[in-house]
1. Hey, how much of the P(r) for region 81-133 falls beyond 13 Å, as a percent of Cα pairs?
2. How large are Rg and Dmax for region 66-204 when calculated on the C-alpha trace, in angstrom?
3. If I compute solvent accessible area with a 1.4 Å probe over the protein chains, what percent of it on region 52-313 is carbon and sulfur?
4. What translational diffusion coefficient, in µm²/s and rounded to a whole number, does the Stokes-Einstein relation yield for region 178-263 at 20 °C and a viscosity of 1.002 mPa s, taking the hydrodynamic radius as the Kirkwood radius over Cα pairs?
5. List, in the order given, every pair from Lys79/Lys173; Lys81/Lys302; Lys115/Lys140; Lys81/Lys115 whose Cα-Cα distance in the structure shown is over 18 Å.
6. Got the relative contact order for region 52-313 handy, in percent, Cα pairs under 8 Å and 6 or more residues apart?
7. Quick one: grab Rg to one decimal and Dmax as a whole number for region 174-332, Cα atoms only, in Å.
8. For region 244-289, what ratio Rg/Rh do Cα atoms give with a Kirkwood hydrodynamic radius?
Amino acid sequence: MISFYNESFSLIVKKHLVFSIGTKSSSIKMETKMESDLPSRTQGQNFPPKPILFGVLNITSDSFSDGGKYLQEDLALAKAKSLMAEGADVIDIGAQSSNVKAEPISEELEWDRMKEIISELKKEKVAISVDTFRPYVIQKALDAGVDYINNIRGFVDPESLDLLKGASRLSTKYVAMFSQDHSIKASEFSDLKPETVVPLALKFFRERTKTFETLGIANRLILDPGMGFFLSPDYKVSFAVLSKITEILSEFPNLMVSVTKKSFLGNALGGLPVEDRIVPTAISETYLWSKGVPMIRTHSPKSFLLAMKTWEMSHGVYSPQRGLQERSDYRP
């Protein structure tokens, strides 16, 4: 036996010589084995808990990633179940695209696209988030008993705030997203700079917090810094948010971040098309998790969870209880 030591732990390595038979020359294979009685690395390396994963379900014709794929009810339900099987904790349903080139649909059509999906998922007790900025759809979603309303405009309009005030008896949580102009979709034009984006996002978060305090529902507010074209076509603006995520969390720990397949990842890496952004997405999401972001919105829960597990094991942390099918320890 040979023992190796460093400052944090000792590793006992066994060498086994294995000779192959029936070959011209014998070969030697060295195997290493961690002794079962070694102390777990978790004593010296603490990782954040698994984040709450919002799986993206776009029931749209023009979303940048998967527009047109899930307009049929059976395909949308199958996609929702697939996201749950991958490890999603919440299904985030959007029926009006916020893509730069997206065209607005009527509020009635937006609700019609999702209402049956919500009804079916409710029967199976699936946690549901509705991605909408329209008061009409917000009210319908509240009446349907969804768990989250995810608003890209950040609930800046008085009509939406009045609805939330009227629904104060409910347990619904609200995601208020920061963007460069609080518009109904992303934009190819922006005045935000890498050095200004975080201070302005923090200012918006403080204002939203005060507003929700006056409504008596500040404890149900989740904040989202927005990314990609919601901030700027300049990819450095989104990366500035990532680089300061610890600063943002220190003041607003109830944070959700969505980097999934977004433009800034493609633009920063030489113009990657959407289908080639899976690896950059998983790396960015793993970074966010490692910094303590408690909620991540993603197209691919499985890709993130594989990256998270690989990261943990690369640091010597073997946690069978944190398997790929584990659900986050929370209640919506």
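1. Beyond 13 Å sits 62 percent of the P(r) for region 81-133.
2. 15.8, 47
3. Working: 5730 of 10670 Å².
C and S atoms contribute 54 percent here.
4. 162
5. Lys79/Lys173
6. Normalised by residue count, the contact order of region 52-313 is 18 percent.
7. When restricted to Cα atoms, region 174-332 yields Rg and Dmax of 16.3, 47 Å.
8. Answer for region 244-289: 1.05.
The values are calculated or read from the model by the stated rules, or taken from the named source; none is laboratory data. It should be emphasised that the depicted structure is a prediction, and the values quoted were computed from it without experimental measurement. Calculation scope for accessible area: heavy atoms of the full protein, side chains included, ligands and nucleic acids excluded. Shrake-Rupley method; radii C 1.70, N 1.55, O 1.52, S 1.80 Å.
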